[in-house]
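Asker: Below you'll find the structure I mean.
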Amino acid sequence: MNETVQYAELIKPSWSPPSWLFGPVWTVLYLIIAISFGTVFYQALKGKLTWKVALPFALNLVFNFAFTPIQFGLQNNLLASIDILLVLGTLIWALVAIWRVSSKLRWIVYVNIPYFLWVTFATCLQLTITYLNR
């Protein structure tokens with residue numbers, strides 16, 4: 001079954017955004033992620049941040065990029081719910097880690113507020129979809 005057809009056939013809450021909105025939102029968010037997470041990895045490569053601080057940023061990318069293949073490829077709502085919880089958890093961990101270690105890099109926390117808000121919303125949406133389609 002086509003992945004978009006499968007998603008379209010899922011029972012979704014009334015507050016679910018239209019499918020066309022996800023592309024533009026993620027385009028903006030991936031730009032924010034590229035700049036801010038790239039800065040973290042660059043600072044870690046230069047030795048100005050420890051890799052312990054960069055770890056949650058790396059894990060967040062792994063879980064973020066795993067979501068689409070899990071949700072649309074495997075079509076597994078439960079695994080997608082677990083994954084989105086990991087995206088949210090590693091994002092919180094990353095932002096707390098960078099806040100604690102560098103006052104000069106706190107802009108990374110501020111610039112990622114839209115990402116945090118969207119992932120929080122997406123987590124609620126995914127958990128609701130999983131519940132409605134159990």
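Asker: Assess whether Gln43 counts as being touching a residue at least 24 places away in the same chain (Cβ under 8 Å), over 19 Å from Asn112 (Cβ atoms) and either in contact with a Leu (Cβ under 6 Å, 6 or more places away or on another chain) or not charged (D, E, K, R) (or both). Can you show your working first?
Answerer: Numbers: touching a residue at least 24 places away in the same chain (Cβ under 8 Å): yes; over 19 Å from Asn112 (Cβ atoms): no; either in contact with a Leu (Cβ under 6 Å, 6 or more places away or on another chain) or not charged (D, E, K, R) (or both): yes.
Here the answer is no, as Gln43 does not meet what is asked.
Asker: May I ask you to list the residues in segment 35-81 that are among the β-branched types (Val, Ile, Thr), part of a helix (DSSP H, G or I) and surrounded by fewer than 16 Cβ atoms within 10 Å (Cβ to Cβ)? Break it down stepwise before answering.
Answerer: Step one: of segment 35-81, the residues among the β-branched types (Val, Ile, Thr) are 35, 39-40, 50, 53, 62, 68, 70.
Next, from what is left, pick out any that are part of a helix (DSSP H, G or I): 35, 39-40, 53, 62, 68, 70.
Once the filter is applied, which keeps residues that are among the β-branched types (Val, Ile, Thr), part of a helix (DSSP H, G or I) and surrounded by fewer than 16 Cβ atoms within 10 Å (Cβ to Cβ), segment 35-81 yields Ile35, Val62, Thr68.
Asker: Quick one: how many residues across segment 1-34 are free of Cβ contacts under 8 Å to residues at least 40 places away in the same chain, hydroxyl-bearing (Ser, Thr, Tyr) and exposed (fewer than 11 other Cβ atoms within 10 Å of the Cβ)?
Answerer: So the answer is 2.
Asker: Further question: Does Ala58 qualify as being under 19 Å from Leu125 (Cβ atoms), out of contact with any Phe, Trp or Tyr (no Cβ under 6 Å at 6 or more places or on another chain) and among the small types (Gly, Ala, Ser)?
Answerer: No.
Asker: Among the residues of segment 56-66, is there at least one that is in contact (Cβ under 8 Å) with a residue 24 or more places away in the chain and of a type in the set (Val, Ile, Thr)?
Answerer: no
Asker: Ok, one more. Considering (1) surrounded by 17 or more Cβ atoms within 10 Å (Cβ to Cβ); (2) touching a Pro at 6+ places or on another chain (Cβ under 6 Å); (3) not basic (Lys, Arg), say which one Gln126 fails and leave the rest.
Answerer: (2)
Asker: Looking for something farther than 17 Å from Phe121 by Cα and at pLDDT below 95 - is there at least one such residue anywhere in segment 36-55?
Answerer: So in segment 36-55, the residues farther than 17 Å from Phe121 by Cα come out as 36-55.
Still in the running and at pLDDT below 95: none.
No; the residues of segment 36-55 include none that is farther than 17 Å from Phe121 by Cα and at pLDDT below 95.
Asker: In segment 82-122, what residues are part of a helix (DSSP H, G or I), of a type in the set (S, T, N, Q) and surrounded by fewer than 18 Cβ atoms within 10 Å (Cβ to Cβ)? Working first, answer last.
Answerer: Filtering segment 82-122 for residues part of a helix (DSSP H, G or I) gives 82-101, 107-111, 113-122.
So of that shortlist, the ones also of a type in the set (S, T, N, Q) come out as 90, 120.
If the condition is that a residue be part of a helix (DSSP H, G or I), of a type in the set (S, T, N, Q) and surrounded by fewer than 18 Cβ atoms within 10 Å (Cβ to Cβ), then Thr120 is the only one that fits.
Asker: Among the listed residues Phe72, Phe67, identify the single one that is modelled with pLDDT of 95 or more and aromatic (Phe, Trp, Tyr). Talk me through it step by step, then tell me what you get.
Answerer: Details: Phe72 fails: modelled with pLDDT of 95 or more.
Unique residue meeting the criteria: Phe67.
Asker: Also, quick follow-up: Take the residues of segment 24-52 that are of a type outside the set (Val, Ile, Thr) and within 14 Å of the chain's Cα centre (by Cα): which is farthest from Ala97 (Cα to Cα)? Full working, then the answer.
Answerer: First, pick out the residues of segment 24-52 that are of a type outside the set (Val, Ile, Thr): 24, 26, 29-31, 34, 36-38, 41-49, 51-52.
Subsequent filtering for residues that are within 14 Å of the chain's Cα centre (by Cα) retains 26, 29-31, 34, 36-37.
Working: Trp26: 24, Leu29: 20, Tyr30: 20, Leu31: 21, Ala34: 18, Ser36: 14, Phe37: 13 Å.
The selected residue is Trp26.
Asker: Consider Val87 carefully, then state whether it is over 19 Å from Tyr30 (Cα atoms) and of a type in the set (Val, Ile, Thr).
Answerer: On the way: over 19 Å from Tyr30 (Cα atoms): no; of a type in the set (Val, Ile, Thr): yes.
It is false that Val87 is over 19 Å from Tyr30 (Cα atoms) and of a type in the set (Val, Ile, Thr).
The values are calculated or read from the model by the stated rules, or taken from the named source; none is laboratory data. If you're wondering where the values come from, they're calculated on a predicted model, not measured in any experiment. Ideal geometry is used to build each Cβ from the backbone, glycine not excepted, and the neighbour counts take in all protein chains shown.
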